[in-house]
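Each value in this text was obtained by applying a stated rule to the coordinates, not by laboratory testing. Remember, it's a predicted structure, so these values are computed and weren't measured experimentally. Note: ideal-geometry Cβ built from the backbone for every residue, glycine included; neighbour counts use all protein chains shown.
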Amino acid sequence: MLANLVRNIGIRSRVGQISFYRSLTATVGLGNEIPGHTLDDILKTELLKDASPEEITKVWTEYHQKKEGFVSAVIPSLHYAEIEAKGRICPRFVYAIPKDSGGFEMMLSEMHQHRVSFTSLEAWKALQTSAPPLLEMFHYVDFQQSKGLVLMRGAYKNPLTSQEAVFLANQLQMYYRIDPERYKLVHTFNHNPMFFDYNELIKNLDSPDVKKPSHTNS
């Protein structure tokens, strides 16, 4: 648990020091306990309506850099629109997190209304919808039309590490947007699961475009 989740951060402007962030004290968990289900709970969005996409990106990125338990990204609107559209067709997928032991931790993801939840596949098999998520990614679309960007904030908890949370976020981009061949696996998993080959998933981890998570300083 963390207190004082959002502290005031200021950036310099022509009118002096302006704080773009709400002060918010809350209990941090996952699911409904996560604060910030709307962007206005986090940002003073009225102060950013005239900001450039570059300025919003800078504020969002710098704020999250030192936040324990969170990962973040700024996604171009067209990229997110593609991910969202494919997510409506194929809301679930599995990912393999490589471990130093040589094994893998299998994770199941589900997309719903700008939110992506990741849980251990073993936990899901045992508990189904009651399985606790280890990473939840929220996509805020407030600036999607006006600024051409979508803000992503992911909240993760043990035993998932920050490196593994970033790895999962990158893998989602790879499977749902960057690589059409990988998306075929996503489609098969959702619509023809009996033909889904987990070996293809593992094989893709050896691709040179995959940056595996480091477990030395998690």
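Where a ≥ b ≥ c are the square roots of the eigenvalues of the C-alpha gyration tensor, would you call the range 112-218 rounded, which needs a/c under 1.5, or, failing that, prolate if a/b is larger than b/c, or oblate? In terms of gyration-tensor shape, rounded. Placing dummy labels 7 Å off each Cα toward the beta-carbon, the span from residue 104 to residue 49 is 4.9 nm.
Here the peptides 77-83, 133-139 are ranked by packing, the mean other Cβ count within 10 Å, and the order with the highest first is 133-139, 77-83. Within straight-line reach of residue 184, meaning a Cα separation under 28 Å, sit the following lysines at least 8 residues removed in sequence or on another chain: 86, 99, 125, 203, 211, 212. Relative protection proxy for 55-62, 97-104, from highest mean packing down: 55-62, 97-104 (other beta-carbon atoms within 10 angstrom). Counted residue by residue at 0.36 nm each, then reduced by the alpha carbon distance between them, the extension gain from residue 88 to residue 37 reaches 16.4 nm. The protection proxy used here, the mean number of other Cβ atoms lying within 10 Å of each residue, ranks peptides 84-90, 70-76, 166-172, 197-203 as follows, highest first: 166-172, 70-76, 84-90, 197-203.
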